[in-house]
Amino acid sequence: MRTPQETPETPTGRIDRFLAYTALALAAASIICFFAIIIGTATGMDQASFGSGAWPFIAALPLFGLPLAFVMIIALLIITFVRRGRAGKRS
């Protein structure tokens with residue numbers, strides 16, 4: 001009876017954890033800001049009200065945070081695939 005070959009586990013590096021947790025935090029913060037804008041609009045805030053205080057940052061975070069989180073996830077996938085490919089060639 002044949003046993004399946006065990007593939008060596010690739011260790012997770014510091015950059016992997018950084019990319020994963022930062023992408024998660026950026027995406028979560030962007031979604032929270034998106035809902036804050038929806039709630040602010042629903043409560044009767046007009047466009048002039050969104051131009052003062054913390055609202056410009058809240059409005060800009062989803063514009064930059066979600067694409068940046070997407071790019072970080074793609075980079076994490078590429079790093080993982082390259083690492084697994086190199087580990088597969090060694091074994």
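What to note about this one:
- Computed over the stretch 24-91, the convex hull of the alpha-carbon atoms projects to a mean area of 5.1 nm².
- Model label zone, Ile31; criterion: amide N under 16 Å from point 7 Å along Cα-to-beta-carbon; scope the stretch 42-83: 62-63, 65-71, 73
No value in this document is a laboratory result; all are computed from the given coordinates. Since this is a predicted model, take the numbers as computed values, not measurements. Glycine also receives a Cβ, built like all others from the backbone with ideal geometry; neighbour counts cover every protein chain displayed.
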